[in-house]
1. Heads up, I need the accessible area for residue 143: 1.4 angstrom probe, whole protein in place, Å², nearest 10.
2. Return the equivalent ellipsoid semi-axes of region 76-225 as a descending list in whole Å, where each equals the square root of 5 times an eigenvalue of the C-alpha gyration tensor.
3. Using a 1.4 Å probe over the heavy atoms of the protein chains, calculate the carbon and sulfur portion of the accessible area of region 64-203 as a whole percent.
4. Whole number in Å², please: accessible area per residue of region 85-210, 1.4 Å probe, ligands, DNA and RNA not counted.
5. Counting Lys +1, Arg +1, Asp -1, Glu -1, what net charge surrounds residue 235 among other residues with beta carbon under 12 Å of its beta carbon?
6. If you take all C-alpha pairs in region 165-237, what percent of them are over 18 Å apart?
7. Please list, in order along region 186-194, the HN-Hα scalar couplings obtained from phi with the Karplus expression 6.51 cos²θ - 1.76 cosθ + 1.60 (θ = phi - 60°), rounded to whole Hz, x for Gly and Pro.
Amino acid sequence: MQKATDSAKRRAATNKSSEKATQKTAAHKGVSKGVGRPKAAEVEARLTDLAQTAGRLILENGYSSVSLEMIAREARVAVRTIYTKFGGKAGILQAVMQAKRAEFFADMNMDLDPRPFRTVLDEFASRLYRLLTSPDWVALQRILAAEANSNPELIDTFFDNGPNVTREAIARYLGRPDVRAQLREDVPQDQLPVYLINCILGDQHSRVLRNQQEGTPEQCEAALRQRMALFYRSVLR
């Protein structure tokens, strides 16, 4: 009887030790799994670094001269990562342009802006002028001029994420009933987005090709105010 009791106690102790070992192993696996999985913020930071690296390489070397392998090597990622996250080089350029635009317009929504017409457009004009005359954007425009005929993918990506976005935003704003009521009836609505952009930028194309600035910051602001005054006189009732 005593032997049976001792045997039962030994089995119980063995089972208890096995359960503890199993729990410890499971806990260890859980910790290891948690440590190995990057957080969402870390993933976002890595993708941002990848896009910034790609943008720098493109601006320094030209779009056609930069391969996915070059980007992957510089950013220390696999080429497959670029395909998975961006779909290729055009997708990276798209991300770069969207991030650059967000620097200037992330906190401005003209669709819902209740401020007076001139206040809204003056701020929009100032932001757009600073964006399109920034060194990175000017460098991109020079690349476009050099590679336009040989690289339609580059041109399509640029227009889809640059000029077309701007024109659509302007068209939506000027099409608002409260805004449209302030415009002359004979103004062709479909021409206004491009006309406004040209008034904002002035002769930007020549400055890009000649690698020139319009002047000092004060001179640029004064010239922009003059062009916007011309726009208002031509379209307002």
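The values are calculated or read from the model by the stated rules, or taken from the named source; none is laboratory data. Predicted model only: the values in this text are computed from it and were never measured. Quick reminder, even Gly has a Cβ in these numbers, built from the backbone with ideal geometry, and neighbours come from all protein chains shown. When the accessible area is computed, the model is the full protein with side chains, heavy atoms only, and any ligands, DNA or RNA have been set aside. Shrake-Rupley method; radii C 1.70, N 1.55, O 1.52, S 1.80 Å.
1. It works out to around 20 Å².
2. Values: eigenvalues 175, 80, 45 Å².
Taking √(5λ) for each Cα gyration eigenvalue gives 30, 20, 15 Å.
3. Values: 3820 of 7470 Å².
C and S fraction of accessible area: 51 percent.
4. Numbers: 6460 Å² over 126 residues.
Dividing the accessible area of region 85-210 by its residue count gives 51 Å².
5. Working: positive: 118, 180, 184, 233, 237; negative: 185, 186.
In short, +3.
6. Values: 1235 of 2628 pairs.
Tail fraction, whole percent: 47.
7. Karplus values, whole Hz, x for Gly and Pro: 8, 6, x, 4, 6, 8, 5, x, 5.
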